[in-house]
Number of protein chains: 2
Amino acid sequence: MKYAILFGGASFEHEISIVSAIALKKVLKNVETFIFLDSEGEFYAIPPTSMKSTHFSDRGFKKDEKLTLSKGGFLKRGLFKSSMLEGFDVILNLIHGAQGEDGTIASLLDFYEIPYIGPRKEASVISFNKRFTKLYADGIGIKSVEYELLKIDSKREIAFDFPLIVKPLRLGSSIGVSVVKQKSELDFALDVAFEFDDEVLIEPFIEGIEEYNVAGCRVGSEWYIGKIEAPKKDGYLDFEQKYMDFSRTQSVLEAQIDNRVQEELIDSFKKVYANLFEGALVRCDFFVKDGEILLNEINPIPGSLANYLFDDFQGALDSLGTSLPKNRSIKPDYAYIGLVKSAKGPQTGNGR
Amino acid sequence: MKYAILFGGASFEHEISIVSAIALKKVLKNVETFIFLDSEGEFYAIPPTSMKSTHFSDRGFKKDEKLTLSKGGFLKRGLFKSSMLEGFDVILNLIHGAQGEDGTIASLLDFYEIPYIGPRKEASVISFNKRFTKLYADGIGIKSVEYELLKIDSKREIAFDFPLIVKPLRLGSSIGVSVVKQKSELDFALDVAFEFDDEVLIEPFIEGIEEYNVAGCRVGSEWYIGKIEAPKKDGYLDFEQKYMDFSRTQSVLEAQIDNRVQEELIDSFKKVYANLFEGALVRCDFFVKDGEILLNEINPIPGSLANYLFDDFQGALDSLGTSLPKNRSIKPDYAYIGLVKSAKGPQTGNGR
């Protein structure tokens, strides 16, 4: 299984994606193809030797070969002759945040019939919008933290007591997220969050909560579940801490939790995953409070695909890559057009 | 405001879309551009004089000019020179069913920065999947009919009493939908529904329910709401009946309902619409049972855009077209990459 890593994107997590791609390059064998989506919507084929963060911050990529989406792959459009980009079987969608995780990339790759590992449209929309995640969790019988929604033009009235946590409705990676300890801090936190989204989610900040991350995927009836991690945190992981997190390549120590909680976490993960997240390797972040499990968020494209949680990351990925969801092929037979033409009544069109 | 009608698509509603586009051509002034998406994913510029159903059923479109998506529009790729397709300001997304209503077309048009009237990604996914519609309705305090879900590989056990209604989870236009009056009919109905989707929604079939359709859109703070229609039906509108429905161009008589119900229907419509469906003209189908309103389904691209419900359809559309949702422009500044390079610790990558 040969992969092309697709990264970048017009997203607040653009840089995170670059760091994540560089980390994954180190972890995976047989990745020689790197497709960068710049913030203007242009695709570039990045030579493996150029996969350094400075190549992007210095705009060196602008001189690399441009690609355009075309049925079955990415086209290198030459002056006299066009040819398809080669060197991979499956795309790894590593565009974090907008475009990558909101359904855009899934739609593009589905439309152009390019096989990929990553969340499909529905999975993207449900996990990207934190409110939809909660509605989904509710629908499958998984608890989540209670919440209020504020729109950018609505009155800033909140029923919860402080401390609160304020989050843009649609971003990942802690961007724009604040813990608000008292009323005097609220306006600033809301201003920050509204910089990133027109809607903001507000939750009570629960002190002393335990957090556990579970990553994995399902291939047919087989589950690949990584080590459960209890992320270190200092109050709340801010963007800079999480950013460093995206470049991780070293394996972690498994969280020390009792068997019952561990089983329940894995059970909850499986409920969230199936079948919505088929084709993706995802990470779910759970809270445990007084023995009760709450879904915090779903990362359908975790930083560097959470490689550090798996004993055999390459094996899990290769297995996933050989068993991707298929789209139904739909071919019209124009039977109904014939029917309407022969049966049309006074209210129907006459086809002219 | 000049429109291009985008229609077709690799969907079971492909033919419906053709009929719908032909109907809309008759209703709207200043539409001279027609973009057909065939079932293989190729776009064609259809000359207005060729907008007849036979042009598609006879595959005459294959000789029309091919188009490819490109930043800002559709490109006509000539042998020596390429040029952008002209003659329109805004796309009307009239691809019913898969692709058009599932978020694919929204993603493509957003990605290539082509303005369009139609549901955005989130609106598409929430309305296309009937279960997500129910979860969404629940989240905004609108009731819907209770349901069970069956997966293609799950046991065919249903708790509801007969009669039931069996629906593929993700299709519109009544395709694959059956009313099941007794147990002996159930297996066949499920087989039919599973032809179209791997998941099937089952609801109790409620006798004597009233059905009302409300269509409209919001532009800024102004609402355009069409006449409320009580669709005629004989038991349940099947695909052929609904198909005829897509070609409607003649205005309808307003349903005779009391003021309270009418107000509540419009209130419910507004709750469903805002803000999720901004940029689209949608139709919501409601049930009224014992004075209580239930959301049945959301059609984010109703047949021929439900033109027949509006006194001034062109006016509503033109207003919508001048006030489309904008995507936030996100430009990376590569500040964090600099930060990581200077601050990286032992666990982070070295950018090589």
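The values are calculated or read from the model by the stated rules, or taken from the named source; none is laboratory data. All of these numbers come straight from a predicted model, not from anything done at the bench. All Cβ positions, even for glycine, are placed from backbone atoms using ideal geometry, and neighbour counts span all protein chains on display. We work out accessible area using only protein heavy atoms, side chains counted, and drop any ligands, DNA or RNA first. Shrake-Rupley method; radii C 1.70, N 1.55, O 1.52, S 1.80 Å.
Here are some notes:
- Scope the range A:302-317; condition surrounded by 21 or more Cβ atoms within 10 Å (Cβ to Cβ) and of a type outside the set (A, V, I, L, M); matching residues: A:P302, A:G303, A:S304, A:N307, A:Y308, A:F310, A:F313
- Cβ-Cβ contacts under 8 Å between residues 6 or more apart (or on different chains), taken from a first residue in the range B:258-271 that is acidic (D, E) to a second residue that is open to solvent by less than 50 Å² (accessible area, probe 1.4 Å), are listed as B:E264/B:I293.
- Index of the failed condition, B:I18 passing every other in (1) over 18 Å from the mean Cα position of the chain (by Cα); (2) within 13 Å of chain A (Cβ to nearest Cβ): (1)
- The range A:1-15, residues that are open to solvent by 10 Å² or more (accessible area, probe 1.4 Å), in a loop (DSSP other than H, G, I, E, B) and within 12 Å of chain B (Cβ to nearest Cβ): A:A10, A:F12
- The residue that is nearest to A:R328 (Cα to Cα), counting only those in the range B:165-186 that are modelled with pLDDT of 90 or more, touching a Ser or Thr at 6+ places or on another chain (Cβ under 9 Å) and buried (at least 19 other Cβ atoms within 10 Å of the Cβ), is B:K167.
- Every pair of residues 6+ apart whose Cβ atoms lie under 7 Å, when the first sits in the range B:64-90 and is on the phi > 0 side of the Ramachandran plot and in contact (Cβ under 8 Å) with a residue 24 or more places away in the chain while the second is surrounded by 12 or more Cβ atoms within 10 Å (Cβ to Cβ) and of a type in the set (D, E, K, R): B:G72/B:E113; B:G87/B:K2; B:G87/B:E32
- The residue that is nearest to A:A21 (Cα to Cα), counting only those in the range A:43-69 that are in contact with a Ser or Thr (Cβ under 8 Å, 6 or more places away or on another chain) and among the small types (G, A, S), is A:A45.
- Within the range B:187-221, tally of residues that are open to solvent by 40 Å² or more (accessible area, probe 1.4 Å) and in a strand (DSSP E or B): 2
- Among the residues of the range A:248-271, those that are modelled with pLDDT of 80 or more and part of a loop (DSSP other than H, G, I, E, B) comprise A:Q256, A:I257, A:D258.
- Residue in the range B:61-68 that is in contact with a helix residue (DSSP H, G or I) (Cβ under 9 Å, 6 or more places away or on another chain) and open to solvent by less than 60 Å² (accessible area, probe 1.4 Å) present: yes
- Once the range A:142-160 is narrowed to residues that are open to solvent by less than 60 Å² (accessible area, probe 1.4 Å) and touching a residue at least 12 places away in the same chain (Cβ under 8 Å), the residue that is nearest to A:D267 (Cα to Cα) is A:I142.
- The range B:85-107: number of residues that are open to solvent by 10 Å² or more (accessible area, probe 1.4 Å) and of a type in the set (A, V, I, L, M): 2
- Leading residue by the ranking (farthest from the other protein chains (Cβ to nearest Cβ)) among those in the range A:131-142 that are assigned to a helix (DSSP H, G or I) and not β-branched (V, I, T): A:A137
- Unique match (being within 14 Å of another protein chain (Cβ to nearest Cβ), at pLDDT below 95 and in contact with a Lys or Arg (Cβ under 6 Å, 6 or more places away or on another chain)) among A:Y308, A:Y243: A:Y308
- All helices (runs of 4 or more DSSP H) inside the range B:21-130 with 2 or more residues being within 12 Å of chain A (Cβ to nearest Cβ) and within 30 Å of B:Y147 (Cα to Cα): B:104-111, B:121-128
- Some residue of the range B:72-79 being within 22 Å of A:L79 (Cα to Cα), at pLDDT below 95 and not basic (K, R): yes
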